[in-house]
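For reference, the structure is listed below as structure tokens.
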Amino acid sequence: MKIHEYQARDLLASYAIPVPAGKVITSVEEAAGAFKSATSGQASPLAVVKAQVFAGGRGKAGFVKLVKTAADAETAARFMFTNRMKSPQTPPEGLEVKKLLVADGVDIMARPSGGNEEFYLAITTDRKTRRNVLIASREGGVEIETIAHERPEAIIKEPLHPVLGLQSYQARNVAERLGLKGKHLGQAADVMMKLARVFIEKDCSIAEINPLVLAKDAANPEGRVIAIDAKFTFDDNGTFRHKDIEAMFDPTEENPAELKAKKFGLSYVALDGNIGCLVNGAGLAMATMDIIKLHGGEPANFLDVGGGATEEAVTEAFSIILSDPAVKGILVNIFGGIMRCDIIAQGIINAATKYKNADGTTGFKVPLVVRLEGTNVDAGRALLTEAKAKLPTLSAATDLTDAAKKVCAAVG
Ligand code: GDP
Ligand code: MN
């Protein structure tokens, strides 16, 4: 589960990590007022207007704007509400912006060596070492992925002890390697320790601050460490024990098909290809996607209907898969263990026969290749062969390779 930047800032603030104050708005009319409250009492007002979407790269796309007047805040807000945010992290058509954060703008200090005092900080799990790891870089701000790729030596990785977590000596050591000194070093190390606590306590899979900056203000003429953008991803298997995190869930930012799948207990992930997959078991679903690719096709989704593969589950799964207009064919791959293949075959046939098309007609139109294996498989296949009369696009496969070849050929 992901959350918005403004929610991430609240979470950081609740751990006493410094973040600038801000306000969320949902209309252009609120922009001027939000600007005034974000900058009240400032001699030279500066605010930042930021699109709240589940993707980064906003700065370069023009969806993070520094503004000095209420009128400019309004102009920025109008632009963001009426254009879709497009960046390398969004789908090609971009994302609709429904909320903006208008926050106090900070005065980021310049680095004597050039550039600004912007740092990258994150905690995540490193699958290679099977440990949590603190990742930090002096090259914070935008495009950390590019830096990691082109200059990996600019990225610091500090593994966390499996039981003890991040140790304060490690945090200070990393802060020092980031080039921080004196008071700033202590402040940055403190942020790292707190971020490590959020990561564990809230079951995060990623806790990221980018950038963490050195900023000057009237009260801190020598600058202080402050977080101005953050991103969190939570492990879905852990959210049930964090009501506060669950409450931040924003269904309007989620893929509607994935949401519907969740409601019916199906695990569904939309992908870019044109072959829909309906499989029972996550491992089998992965293998199915692999074999489709091996035979030159592109899977349109990952879908695990779970152990049951009942007629109801298959019906829902079909409607979710076919809600993606890119889908040109479906491969059903079911292993009948506890559930017998003949019952599953009948369920698939019923679901396909009753399926309601967008034009009001019933009955499957896209090519449907079914591969069944397991208990009572012969009876199951016989049913599929019989059903051919009512379902002309249906074909039964003899094995998984045959199924993959058939469905790839069917979609062209
Ligand atoms: P992202 O591009 O989606 O990651 O959005 P960020 O919130 O990280 O902003 C991108 C960049 O805008 C930052 O790296 C900063 O350089 C700049 N920026 C954002 N907020 C402020 C601010 O309050 N003051 C200043 N001076 N720059 C800011
Ligand atoms: Mn950022």
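A few comments on the model shown:
- Normalised by 2.2 N^0.38 Å, where N is the number of residues, the C-alpha radius of gyration of the stretch 214-273 stands at 1.82.
- From largest to smallest, the equivalent ellipsoid semi-axes obtained for the stretch 236-378 from the alpha-carbon gyration tensor read 25, 18, 16 Å.
- Panel values: the stretch 85-230, Kirkwood radius from alpha carbon pairs, Stokes-Einstein at 25 °C and 0.890 mPa s, translational diffusion coefficient 150 µm²/s.
- What the phi angles of the stretch 187-194 give under the Karplus curve with 6.51, -1.76 and 1.60, with θ = phi - 60°, is a coupling list of 5, 5, 4, 4, 4, 4, 4, 5 Hz, glycine and proline written as x.
- At 1.567 mPa s and 4 °C, Stokes D of the stretch 89-160 from Kirkwood alpha-carbon radius, µm² per second: 86 µm²/s
- Entry for the chain at q = 0.06, 0.07, 0.10 Å⁻¹: log10 I(q)/I(0) = -0.34, -0.45, -0.80, Debye formula applied to identical alpha-carbon scatterers, no solvent contribution.
- Whole-number D in µm² s⁻¹ for the stretch 146-285, Kirkwood Cα-pair radius fed into Stokes-Einstein, 20 °C, 1.002 mPa s: 115 µm²/s
- Chymotrypsin sites (Phe, Trp or Tyr not before Pro) within the stretch 223-323, DSSP loop, no more than 16 other Cβ atoms inside 10 Å: PHE249, PHE264
- Overall, the ratio between the Cα radius of gyration of the stretch 299-354 and 2.2 N^0.38 Å, rounded to two decimals, is 1.10.
- CYS277, CYS408, CYS341 arranged by Cβ crowding within 10 Å, fewest neighbours leading: CYS408, CYS341, CYS277
- More than 22 angstrom apart: percent of Cα pairs within the stretch 310-404: 20 percent
- Debye log10 I(q)/I(0) at q = 0.15, 0.20 Å⁻¹ for the stretch 1-157, Cα point scatterers: -0.93, -1.40
- Restricting the stretch 246-285 to GluC sites (Glu not before Pro) in coil, as DSSP defines it, with at most 16 other Cβ within 10 Å: GLU254
- In terms of its Cα atoms, the stretch 1-74 spans 36, 29, 21 Å along the principal axes, sorted from long to short.
- Distant-in-sequence amide H partners of VAL97 (H built 1.01 Å from N, under 5 Å): MET85
- Within-9-Å neighbourhood charge of ASP229 [Cβ basis; K, R +1; D, E -1]: +2
- Ranked list, fewest to most other Cβ atoms within 10 Å of each Cβ, for MET80, MET109: MET109, MET80
- Loop trypsin sites (Lys or Arg not before Pro), the stretch 135-194, which have at most 12 other Cβ atoms in a 10 Å radius of their Cβ (DSSP): LYS181
- Percent of Cα pairs in the stretch 50-99 per distance bin of 10 Å, from zero to the largest separation: 30, 54, 15, 1.
- Dipole magnitude for the stretch 236-338: about 220 debye, using +1 per Lys or Arg Cβ and -1 per Asp or Glu Cβ, origin at the Cα centre.
Taken together, the values in this text are just the output of simple stated rules run on the coordinates, not laboratory data. What you are looking at is a predicted structure, and each value in this text was computed from that prediction instead of being measured. Neighbour counts run over all protein chains shown; Cβ positions are idealised from the backbone, glycine included.
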